[in-house]
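Q: Below you'll find the structure I mean.
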């Protein structure tokens, strides 16, 4: 079968090779999927470069999540049958993948496979961030940076579904338009404003935001922390622009919390939480409250380009490769 493989670490476009490999088998507790689509995310870029905290042994095939039909079921698997369409964490950028049955979920008939594959990483991370870590309440104000990306667009939709007022921050007309289409109450083009902090203060009547969702880091984090309201919660989702330093004196004086969000590690401590999160998200997807923003879907032969485009920040929304 075809599989995009990393044999040496480096930039995805240079290191990903389309190989022919043996088809996987369904070991105990696992199922084999004939894949329809593969979801990709920024951690896949870091894996290719050897910079992610979890370092798979070489060679490996990067994927954040996969969706497809069950073609084989291993011993001890209950609740999944051959022919079912399921979505799962992990997998491979390949024709087939063997995945753990515990992280595979039947896709409701009303959810398209390309939409379903956008849910596990981006939306579950965001659900965990907003509901478990920030305890976002109806009527609160949520600031989202990197708002046109996979996790940022999820934060807009899940924030609105929770009854929050959402202020989205993005750069450039295309990304601003995407945030507006998602229903953000206010959209700030950071390329067009001289002072992001002042603009947020104007939009909040000087009080600042109750919750900030920041997957960007770097200098953006330093601006976001100055936007926090009294008793606010600043969610650290990632740091694609660099790892910032935290001015703890400012945290004390403004009485806000800086809250780490390590969704993957949370699953190791509470594996059942994944099923609860997916159940909530499937319900929202079926009702239309959640409709994942997708970058134009890549063909399978464009697998390396898809991951490189994430690295080069050329994408708007979730990156999906059709198989």
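Q: Could you tell me which of rounded, prolate or oblate describes the chain, using a ≥ b ≥ c as the square roots of the eigenvalues of the alpha-carbon gyration tensor, with rounded for a/c under 1.5 and, failing that, prolate when a/b is larger than b/c and oblate otherwise?
A: prolate
Q: Can you compute the modelled spin-label distance between residue 272 and residue 18, with each label point 7 Å from Cα toward Cβ, in nm?
A: So the two model labels end up 4.5 nm from each other.
Q: Under 1.5 on a/c is rounded, so check that first for region 122-264, then, if it is not, pick prolate when a/b is larger than b/c and oblate when it is not; a ≥ b ≥ c are the square roots of the alpha carbon gyration tensor eigenvalues.
A: Rounded, because the longest to shortest axis ratio a/c is under 1.5.
Q: Nearest 10 degrees, 0 to 90: what angle lies between the long axis of helix 150-161 and the longest principal axis of the chain (Cα atoms)?
A: Rounded to the nearest ten degrees, it is 60.
Q: Here's something else I'd like to know. Which distance in Å, rounded to a whole number, links the C-alpha centroids of region 230-250 and region 41-111?
A: 31
Q: Between helix 272-287 and the chain, what is the angle of the helix's C-alpha long axis to the longest principal axis, kept within 0 to 90° and rounded to the nearest 10?
A: 80
Q: Taking every DSSP beta bridge with both residues inside the chain, roughly what % is antiparallel (nearest 5)?
A: 60
Q: Ordered by packing density, taken as the mean number of other Cβ atoms within 10 Å over each peptide's residues, highest first, how do 181-192, 145-156 rank? If you can, show how the numbers build up before the last one.
A: Details: 181-192: 17.8, 145-156: 29.7.
Top to bottom by mean Cβ count within 10 Å: 145-156, 181-192.
Q: Now for a separate question. Calculated from DSSP H runs of 4 or more alone, at -39500 (n - 2.57) each and per residue, what is the 222 nm mean residue ellipticity of the chain, nearest 500?
A: Calculated at 222 nm, the ellipticity per residue is -8000 deg cm²/dmol.
Where a number appears in this text, it was derived from the coordinates with a stated rule and is not lab data. Note that the structure is predicted; figures quoted are calculated from it, not measured. Positions of Cβ are backbone-derived with ideal geometry, glycine not excepted, and every protein chain shown enters the neighbour counts.
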